[in-house]
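The values are calculated or read from the model by the stated rules, or taken from the named source; none is laboratory data. Just so it is clear, the model here is predicted, and its values are computed rather than measured. Note: ideal-geometry Cβ built from the backbone for every residue, glycine included; neighbour counts use all protein chains shown.
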Amino acid sequence: SQTIHQWPATLVQPVGSPLSLECTVEGTSNPNLYWYRQAAGRGLQLLFYSVGIGQISSEVPQNLSASRPQDRQFILSSKKLLLSDSGFYLCAWRRDRPYGYTFGSGTRLTVV
Amino acid sequence: GNSVTQMEGPVTLSEEAFLTINCTYTATGYPSLFWYVQYPGEGLQLLLKATKADDKGSNKGFEATYRKETTSFHLEKGSVQVSDSAVYFCALSDDTGGFKTIFGAGTRLFVKA
């Protein structure tokens, strides 16, 4: 069966520090991968998605970046965090239609 | 562009009450529609889905019917339980360009014993 792992679960970082969140999928190959952010009490905002190794599409211009160095690994990064980067970050994967997303358990990031 | 609108919460119900959470969408073509549920502190879980008009998705007593004529996908449950307390998200995927999914703002449900 397929599983998705996301870490760390919680993170407190000072403003201006770097960020690296990692997501890996097991039990499938060539998954579509996604990073979403959920601000407190709000909906989900798509940040990046990837349909293959090295292929990254950005939905929202900001100081975050994403990379996919391996087929089942998706990394979200920042060189310098802002206060506004605080939120709940969710990684997800999906096969083709008609399947929905499978989400990771999320990373709660607080920038102080 | 595509969009999803769902009723604002919170919705507060007594146990065994009937639940409806309204969801309407705007999309070109023939999107797939989903309901996801998020329990406190967790990621989202797929609750049910429908991929074409008149399809009914169902799971754990929840149901939703894909209504193309009214562009709606309302979530219903006949008798809610305290354990159903969560945030519910309606979502749409146009199944093109990376299978991106657009989510509604979410509706928080509180069920009282």
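Observations on the model:
- Residues of the stretch B:10-21 that turn out to be out of contact with any Asp or Glu (no Cβ under 7 Å at 6 or more places or on another chain) and crowded, with 16+ Cβ neighbours inside 10 Å, as a count: 3
- Scanning the stretch A:5-32 for residues that are among the aliphatic types (A, V, I, L, M) and under 30 Å from B:G9 (Cα atoms) returns A:A9, A:L11, A:V12.
- If you go through the stretch B:94-111 and keep only what is at the interface with chain A (Cβ under 8 Å from one of its Cβ atoms) and crowded, with 18+ Cβ neighbours inside 10 Å, you end up with B:G98, B:F99, B:K100, B:T101, B:I102, B:F103, B:G104, B:G106.
- Test: residue in the stretch A:43-58 that is of a type in the set (S, T, Y), within 12 Å of chain B (Cβ to nearest Cβ), assigned to a loop (DSSP other than H, G, I, E, B) and surrounded by 14 or more Cβ atoms within 10 Å (Cβ to Cβ): no
- Selection status of B:A53, modelled with pLDDT under 95, among the hydrophobic types (A, V, I, L, M, F, W, C), within 23 Å of A:A92 (Cβ to Cβ) and surrounded by fewer than 20 Cβ atoms within 10 Å (Cβ to Cβ): no
- Here A:N63 meets the list (1) surrounded by 13 or more Cβ atoms within 10 Å (Cβ to Cβ); (2) within 24 Å of B:V87 (Cβ to Cβ); (3) away from chain B (no Cβ under 13 Å) almost entirely, failing just condition (2).
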